[in-house]
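Reading through the structure tokens given below for one structure.
What follows draws every value from the coordinates through simple rules; no lab data is involved. What you see is a predicted model; the values in this text were computed from it and never measured. Note: ideal-geometry Cβ built from the backbone for every residue, glycine included; neighbour counts use all protein chains shown.
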Amino acid sequence: MGLSSKWFPLDTPATPERIRMACFDEFTCPFYTTMDSEGVLMPLVHEHLMMPWNDLRKGDCCGLLEAISTGYYCKSCDFFVHKKCGESSEFIKHPSHPDHTLQLRSEGCNNCCNLCGRIIKDLFYRCDLCDFDVDLHCAKNPPPEVIDIPETHHHKLNLHKELIQFNCDAKCGKITGAEFPYVCYECQLLFHVDCVWRPSELKHPSEVNHSYHSLHPLKLLTGQLPDNSDGKCRLCARNIDERLFYHCSPCNFTLDMRCVLNPPQQSLLNLNAHDHQLTLLPRLFSFTCNACGLDGDRSPYICVQCDFMIHQGCLDLPRVINIDRHELRVSRTSVPGVVNSKGVLLPVFHKHLMMPWNDLRKGDCCGSLESDTDGFYCKSCDFFVHKKCGESFEFIKHPSHPDYSLQLRSYRTKTCNFCGRWEGMNAWYRCMNHCDFHLDLYCARYPPPEVIDISETHHHKLTLLKEHIEFDCDAKCGMVGYGFSYKCPECDLSFHVDCVWHPPEVNHPLEVNHSYHPWHPLKLHTGQPPDYSDGTCRLCARKIDDRLFYHCSLCNFTLDLRCVLNPPPQSLLNLKAHDHQLTLLPRLRSFTCNACGLSGDRSPYICLQCDFMIHQDCLDLPRLININRHDHRISRTSVLGVVNSICGVCRQKVDWTCGGFSCQRCPGYVVHSKCATRSDVWNGKELEGVPEETEDTEPYVVIDDNTIQHFSHKEHYLRLYVNGFLCDDNKRCSACTHPICLQSFYGCMDCDFILHQNCAGFPRMRWHVLHNERLTLFTNETIFSCDACARFSNGFRYEHRGITFDVRCGSISEPFVHPSHLDHPLYYTLPDEEIKSCSGCKKHRSDVLRCIEDDCSFFLCFTCATLPQVVKHRVDNHPLSLCYGEKASGKYWCDICEKETNPETWFYTCKDHRASLHTKCVLGDLSSFMPRSTIEGIKKSYEVVLNNSVSRPLCSWCKMHCIYPIILKTVGTSDEYFCTFVCLQSSW
């Protein structure tokens, strides 16, 4: 691409202004070849797809800062390119080198820019004919030969085009190599080019994305830090300069300007500090530095291969030094006393050098356990090969395939023709004659017999069935079987081969090396763990079994047998819990789980890309679920972001900077991850990818302002009557079975069907706190016992697979407001070990509604919560009201049963408050049955009748006068009555 002569004649002197004007259009043609929603491909700049990004760091393209912070970023490589650099043309004509075209290159330069003398970082323009190089910054903004900037220096400064090392008199503190300086020849002062020449003003954007905090943008703040900040930079721990810093308030993440402009590298290699690659863990995290032994509280560099952590300030510790306290040289070591052995190359099994090792795990070679735990181990790949497998012959003759020799080969997805297994095997013996016969290494050494007779396993002989089938192992091992099995034809039982056939006895060695503790061998212990141990496994936190465990006394490192035999994988990918690869950090360190917000004390899985930590048991958290506390689906999010939020299940405070579940329709509704996934809250169903149910839950259709058609009574319309009757036992709601008493109701225009206005609105399907499946409203008349209050009823009910609630208990939702406790709402919080005493009946209950205020100990059982506030009884001409107990020194008596009443329990009282009537005496045992309905017994039928005759009948079972307002009468008789449902059942 050339320049127009009318813009810039080549015989015109090349001033910096003219150069910039001439070069402007040459830099507006991007050379990326692909751009879509996934990112931008810039093959001349970087090999991977790059995302649009803005960042204040120096660009990896030119090594300098830009006024405009937009650009492109490769997250996997932590590589940032300015937008201007990324959109540079491949070929340009430049006024500083007018005779030839310059080509954009990434290698082959002379190390320094011919215009400014700075070391070229990555990209540059080059003329091969003249051996001329220009970095990207100078190509766009060439430094002038002479500058006159009085605010920097009172004399003119000249660009000295000679590579020299110097101390910059701008007192910038930067230590650089040899480069061109600006020089004041009168004062003999030297300055870095970028300390005095700023072609464009650097303006800090109000918001930036940062590679170490990809969840939210960081916002520019000035002045005092937020109250919840610790006043330090998350990455370098320096005190924040109050003039300018960047902060994310949802995550309480703060960076100073130095770490925004020049963040620490994401990974480091070839350091004095450690032999393996180190990766930055950019989070608040208590740890002990393996290099200096001192504690740190944030952003260490870690080695995921060998449990190594180091302060950023300890990265440059020397390896061999002289000190004035010792005559000889002293050398730095990570752990004294660790001696490396020579490695072994086993090309059939693994491509890397492997170290002699002993381990109790199943071998990656044959997928089985061995009595001899010696073997070979690749630490970088966490790959273990038994010694017997590793020393297998390349060619063998085997009795299972006598006609041809078998050769040891490397395969991943073959099936053994002898036992049917295929999982966990890395190498096989294969027939040399290409008859597709494969034999795994374990069967090659220990071929399972065709028939076995092992009386302690089964009393019949078992035959090896050489057919691939799916079966349930009758050894009750808990594993689903697929492949060859041992079968008992007489009993029709099937067993895994390795559940009944044990060729060598597996003996636990006295000492093993373990991949998660490479410093020292672990020794076999029996009995109680040492006193200084916390008694739990380092990896899984389970309590140590006293019988057998492995322990390192030097490091106080303990593993149970399960984690020795089957350790958790070193890395995990494609999980619901997180989008990136997670790596196990096997050490004792306090952390907060990003998935559930709770603290942990050991061995989390971490994401090295985005500052994420998670408990091992939170890895399988679902993404989208229904819970019984909320009508809508809730979804898991990595950062809740709702400040001062309360969990919708346990009613405790939620850490808004951590993960949890939230409702997309109700912005303020959040739930702890652990609370949402409890078995008594969640039904265990992951709903990601499952269409949301669209059933119509509305119970009625509106005809007009005062008329509805209810789904339980479709044959007629129902009309609204406001205020209701005074109290009439003959006018009862078909849903809750209670009388219409001073309440608005819907009445049928053609028959005597009645519903309270409130009961008519109960949805056809709903969630309930006492059951983790959605309940359906049933209206057909049948007898049931409510699982919340234990009352018998034949009214409407909510039901799901044998769990049933009457509509009074089934309609209770949170928050629940009761007249007895108007100051605070009540909630059904998670049940604990303690049985609570109901404030109404004083009985001990496990399922109660409670007040969550700290200074309030109010509990209410479902029976008392659903007692009617006003009832009509023959004992008084006026309605009775529910009294919520009172302190009294005298004795109270019930006028119905003529027995003493406890005034501290709830009771019904009359208008002048002179009566104290037991709630059971007022309501009776059958208050939830509809009068005139029929109960079918074993041999007889019974009618529900009102006990409103002048004389009270005798109960046929207890022989007492029936004192309750509703009783049962045997159909077809005139004098056989039962006062309670218990009396009726006792008579059967």
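Side notes on the structure shown:
- The order of Thr905, Thr463, going from fewest to most other C-beta atoms within 10 Å of their C-beta, is Thr463, Thr905.
- Report note on the peptides 955-966, 520-531: ranked by the mean count of other C-beta atoms within 10 Å, highest first, their order is 955-966, 520-531.
- In the chain, helices alone account for a calculated mean residue ellipticity at 222 nm of -1500 deg cm²/dmol, with every DSSP H run of four or more residues adding -39,500 (n - 2.57).
- The stretch between Thr526 and Ser405, if pulled fully straight at 0.36 nm per residue, gains 38.9 nm over its current Cα-Cα span.
- Efficiency of FRET from Cβ geometry, His468 and Asn252, R₀ 60 Å, rounded to 0.05: 0.60
- Centre-to-centre separation between the Cα atoms of region 245-314 and those of region 76-142: 33 Å.
- Residue order for Glu976, Glu943, fewest other beta carbons within 10 angstrom first, comes to Glu943, Glu976.
- Relative contact order of region 621-685, pairs being alpha-carbon contacts under 8 Å that are 6 or more residues apart, as %: 33
- Ranked for footprinting exposure by Cβ neighbours inside 10 Å, fewest first, Ile938, Ile625, Ile783 give Ile938, Ile783, Ile625.
- Amide N proximity, region 866-896 versus Arg914 label position 7 Å along Cα-to-Cβ, cut-off under 19 Å: 873-883, 890-896
- FRET efficiency, 1/(1 + (r/R0)^6) with R0 41 Å, evaluated for Ser846 and Glu715 via beta carbons: 0.45
- Entry note, region 48-170: relative contact order of 17 percent, from Cα contacts under 8 Å with a spacing of 6+ residues.
- In terms of its C-alpha gyration tensor, region 855-918 has an oblate overall shape, because the principal axis ratio a/c (a ≥ b ≥ c, square roots of the eigenvalues) is not below 1.5 and a/b does not outweigh b/c.
- Label-point separation in nm, Val320 to His800, each point 7 Å along Cα→Cβ: 7.1
- Backbone amide hydrogens, once placed in the peptide plane, bring His514 within less than 5 Å of Leu522, excluding anything fewer than 5 places away on its chain.
- Gyration tensor verdict on region 207-261 (Cα atoms; rounded if a/c is under 1.5, prolate if a/b is larger than b/c, oblate otherwise): rounded
- Cα centroids of region 572-600 and region 662-730: 38 Å apart.
- Full extension of the chain between Ala178 and Asp148 yields a length gain of 8.4 nm, computed as 0.36 nm times the residue separation minus the alpha carbon distance.
- Sparse packing (at most 16 other Cβ atoms within 10 Å of the Cβ) combined with a DSSP loop state is found for the following trypsin sites (Lys or Arg not before Pro) in region 774-848: Arg801, Lys842, Lys843.
- Within-12-Å neighbourhood charge of Asp297 [Cβ basis; K, R +1; D, E -1]: +3
- Here the contact order of the chain, divided by its residue count and restricted to Cα pairs under 8 Å and six or more residues apart, works out to 4 percent.
- Distance between modelled label sites at Gln165 and Asp374, nm, 7 Å Cα→Cβ extension: 5.5
- Here the Karplus relation 6.51 cos²θ - 1.76 cosθ + 1.60, evaluated at θ = phi - 60°, turns the backbone of region 923-929 into coupling constants of 9, x, 8, 10, 5, 9, 9 Hz, with x for every Gly and Pro.
- At R0 = 30 Å, FRET efficiency that the Cβ-Cβ distance of Asp617 and Leu510 yields, to 0.05: 0.45
- Separation in nanometres of the label points that stand 7 Å from Cα toward Cβ, at Ser974 and Lys891: 4.2
- Reported label for calculated Rg/Rh (Cα atoms, Kirkwood Rh) given (1) 1.25; (2) 1.12; (3) 1.10: (3)
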